[in-house]
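The structure under discussion appears below in the form of structure tokens.
The values are calculated or read from the model by the stated rules, or taken from the named source; none is laboratory data. Fair warning: this is a prediction, and the values are worked out from it, not measured in the lab. A quick note on method: Cβ atoms are made from the backbone with ideal geometry, for glycine too, and the neighbour counts reach across all protein chains shown.
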């Protein structure tokens, strides 16, 4: 079953259960997927990888907004962003822990024979592809800098 079909079913369930917070998050997912599908050059159906990228983008947007709202003491808007993240996250693949990311990256650095921060781009390119959907790019970058620094 495609992600958009699953989201449609979940929207119906949220409407019947009268869950406005969940419904708002689900509608955001559906809107983003439909927008991605209609973008210039996009395929008729989104690949699972493209769907993951769309969901990751939604999570990133909400994290950034939540941070801004937190610094501005807008707890009401902060909570809305957090609630929407909680709705979106279950549709993403299981995220790796920082410990798992460190282990993977240490093995990758050894395999590539990379020894300095100047070669960070090589590691980031491969790691970003292989860990797509399982780890945040910012976390990958931080760990690579830590391991190579």
Right, residue 16: surrounded by 13 or more Cβ atoms within 10 Å (Cβ to Cβ) and in the same structural domain as residue 81 (by TED's automatic domain parsing) or not?
no
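Matching residues to (1) modelled with pLDDT of 85 or more; (2) farther than 29 Å from residue 90 by Cβ; (3) assigned by TED's automatic domain parsing to the domain that holds residue 48:
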position	(1), (2), (3)
103	yes, no, no
111	yes, yes, no
114	no, yes, no
118	no, yes, no
144	yes, no, no
